[in-house]
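The values are calculated or read from the model by the stated rules, or taken from the named source; none is laboratory data. What you see is a predicted model; the values in this text were computed from it and never measured. As a convention, Cβ positions derive from the backbone with ideal geometry for all residues, glycine included, and neighbour counts pool all protein chains shown.
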């Protein structure tokens, strides 16, 4: 007990000391700032005294010579007017080390008013007079000296290039006179200019100039601007902060090499996609790393902060971020209980973010992988707090009892089914697990959703389900057929999209790691093309399609033209400041099992219908007989008992008639060329997509 009391006394003592130290620190900071202001007033007073001494004594008037009384009165009146005006304008309450144009304008205005007051007072009072021109000269010369002293002070303290013995002497002298300190480490040899990264700034406007000024004024900055690049002909050939402005037509690899440019930074806010694409095409092969400078404007205030960053890979799509959700979509999910399976994954977590914005009654995240579910739970909890009713359930969609308990407890009106095994090579080697999780996990969710009266069930599918050549794609096609066979109280639909940039296991993180390690970058085949979309686009597509779904439809997105994977790899290498095939090699490793040269989004483009959203289309597939789908499922279930991948593959090929061997599809190279021209072309399968189970 005695030890506990002593420990508490020690703790209270530490708290009291901490509070006292904080108070002393605040008082010290206040006293230091107050001392700096007094020192600056005294410094200005010396300049004023020297000015009046020079103009009234050293260079006196030939007509109106001042007596000692008159000289004293002139000094007192000028000091009274000048310092009264400066105090009124709070001139000495600012940190002049960081003073900008506004502060100098304030000083000029204050001294101008002081000049009129000073001349008026000396004319009204009974004292020796001076002419208006001499009064103006006193105020003007003093203002010139005051501004000059501040500019020299800023230059000596802010520019690390001023590191000569004379500059160091002047800094120490002004520090001794004024009491203002500077940080010696800012001018140490730890970061000489030659170790900084030389950059060329594209854009000599306000934002580019501010970026240049910020980098030059920060001695600890890693970047050193050495040239501007600008389209405006009126600016070309001129200078900003001693940095020359070049036109885009002048910039060559040789010019950049002469200026030792290592990185090119785009500092042009509001640049449209065509301009951004043109600039990228111009500078992608010059051997410099390309970056962009984000500056918050009225259009992009959501980004918040200023920062220099690498290009996001989705920016290489050179198309605007597509927005699908609107008030109609939001109103559908508002005040509803939403269950998201696979909510900890890339798509699932973004679905959670988008749904949370729409004001659901409750959001339930279902996932077998606890780390991903925990991350999105913490993110949403920190952002929304108690405004969002959020629950996380750790369970497998294959566990029927757990799924039934969850549905019975929460009674969701909408189920977004994103849980699935999706990695093509892994599923080729683990076909049994692919069928168990993707097919029978989906079947389990479908049947339980019907049993507990779910209003809408949205299956997240993939373009790999169209004429599949791999186990993963075939299982997703089987899932589509399952939801197309249901015709009960629950509304079942599917949403199909292409590759998602930046999702877990996508090619982008792999390329980044390979580039960071110096290469080589590996691709399976240089002919491969893929449709791409961003994670927010994919998630918003799911939610919008879910809101408009009726029953049995498959929704697809007009994703534009597909992109060559080889182009993606080359662009990522260029953005990192390397030259493809010279600095970093790109190596073909050969097609992986089950891989296609291209992907398709539709099975039957002739049965394609537009929706209210011009970017979303619906494929009305034929209704699937529940009895025939049950027969296919029985066939797959029977194959799983053998625990043999080949047996499961054969059963899946019988259950999904459009499941082809990849060589059969990849031999149609002409169709791959057609896909580059039209986003809705289809490769016509040799075998019809029938419901019959092959005998």
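Does residue 523 satisfy the condition of being within 22 Å of the chain's Cα centre (by Cα) and at pLDDT 85 or above? Break it down into steps so the answer makes sense when it comes.
Numbers: within 22 Å of the chain's Cα centre (by Cα): no; at pLDDT 85 or above: yes.
No.
Got a sec? Which of 251, 286 is in a loop (DSSP other than H, G, I, E, B), at pLDDT below 85 and within 30 Å of residue 580 (Cβ to Cβ)? It would help to see each step written out before you state the result.
Values: 251 fails: at pLDDT below 85.
Sole residue among the options that is in a loop (DSSP other than H, G, I, E, B), at pLDDT below 85 and within 30 Å of residue 580 (Cβ to Cβ): 286.
Here the strands (runs of 3 or more DSSP E) wholly within segment 481-594 that include at least 1 residues being surrounded by fewer than 23 Cβ atoms within 10 Å (Cβ to Cβ) are 491-497, 499-501, 521-523, 532-534, 586-588.
For segment 289-322, the set of residues classified as within 24 Å of residue 255 (Cα to Cα) and either modelled with pLDDT under 75 or assigned to a loop (DSSP other than H, G, I, E, B) (or both) consists of 311 only.
Pairs needed: first member in segment 444-456, under 10 Å from residue 407 (Cβ atoms); second member anywhere, outside any loop (DSSP other than H, G, I, E, B); C-beta distance under 6 Å; at least 6 residues apart or different chains. Between residues of segment 444-456 that are under 10 Å from residue 407 (Cβ atoms) and residues that are outside any loop (DSSP other than H, G, I, E, B), the close pairs are 445/417; 448/403; 448/404; 448/407; 449/415; 449/457; 452/407; 454/415. Do we find a residue being surrounded by 14 or more Cβ atoms within 10 Å (Cβ to Cβ), modelled with pLDDT of 95 or more and either under 29 Å from the mean Cα position of the chain (by Cα) or farther than 30 Å from residue 640 by Cβ (or both) anywhere in segment 392-407? Yes, segment 392-407 has at least one match. From the list 210, 260, the lone residue that is assigned by TED's automatic domain parsing to the domain that holds residue 283, loosely packed, with under 15 Cβ neighbours inside 10 Å and in a loop (DSSP other than H, G, I, E, B) is 260. Residue 200 satisfies every condition listed in (1) in contact with a helix residue (DSSP H, G or I) (Cβ under 6 Å, 6 or more places away or on another chain); (2) buried (at least 20 other Cβ atoms within 10 Å of the Cβ); (3) farther than 16 Å from residue 269 by Cβ except (1).
Among the candidates 363, 351, which residue alone is touching a strand residue (DSSP E or B) at 6+ places or on another chain (Cβ under 8 Å), modelled with pLDDT of 80 or more and in a strand (DSSP E or B)? Show your work before the answer.
Values: 351 fails: in a strand (DSSP E or B).
Every option except 363 fails the conditions.
Looking only at segment 415-470, residues that are in a helix (DSSP H, G or I), under 22 Å from residue 635 (Cβ atoms) and under 32 Å from the mean Cα position of the chain (by Cα) come to 2 in all.
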